[in-house]
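The values are calculated or read from the model by the stated rules, or taken from the named source; none is laboratory data. Note that the structure is a prediction, hence the values are computed from the model and not measured. So basically every Cβ, Gly included, is an ideal-geometry build from the backbone, and we count neighbours across all protein chains shown.
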Amino acid sequence: MFHPLLDNPAKIKDQELENKILDLTKKYHTAARMGQGGVCQQIMIILEMYKEEQAKRNQAAMASTMKKQNKDLDDLINVD
């Protein structure tokens with residue numbers, strides 16, 4: 001998902017990204033309660049973009065952790 005008025009979310013720090021997601025979620029719920037369908041759609045586009053970036057970062061962190069765990073196990077198992 002891409003929003004033309006926003007910068008690349010990959011440049012945002014993790015904590016800032018999480019704060020933006022929380023803030024936009026609150027704004028989305030407020031707009032939904034007020035019946036602002038068009039605003040909700042725009043917020044949802046931005047929110048999805050940030051969530052995709054967060055998921056990508058989480059997936060990379062998990063892959064890195066798994067790689068380290070597998071490397072540690074290689075030293076423990078000796079098959080001769």
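I'm trying to understand the selection: among the residues of the stretch 43-59, which are more than 16 Å from Lys26 (Cβ to Cβ), aliphatic (A, V, I, L, M) and touching a helix residue (DSSP H, G or I) at 6+ places or on another chain (Cβ under 8 Å)?
Met49
I'm checking my understanding of the structure. Among residues of the stretch 5-26 that are outside any helix (DSSP H, G or I) and farther than 10 Å from Ile46 by Cα, which one is modelled with the lowest pLDDT? Please lay out each step first, then the result.
Residues of the stretch 5-26 that are outside any helix (DSSP H, G or I), as a first pass: 5-8, 12-13.
Add one more test, that the residue is farther than 10 Å from Ile46 by Cα, and what stays is 7-8, 12-13.
Numbers: Asp7: 77, Asn8: 83, Ile12: 91, Lys13: 93.
Here the residue is Asp7.
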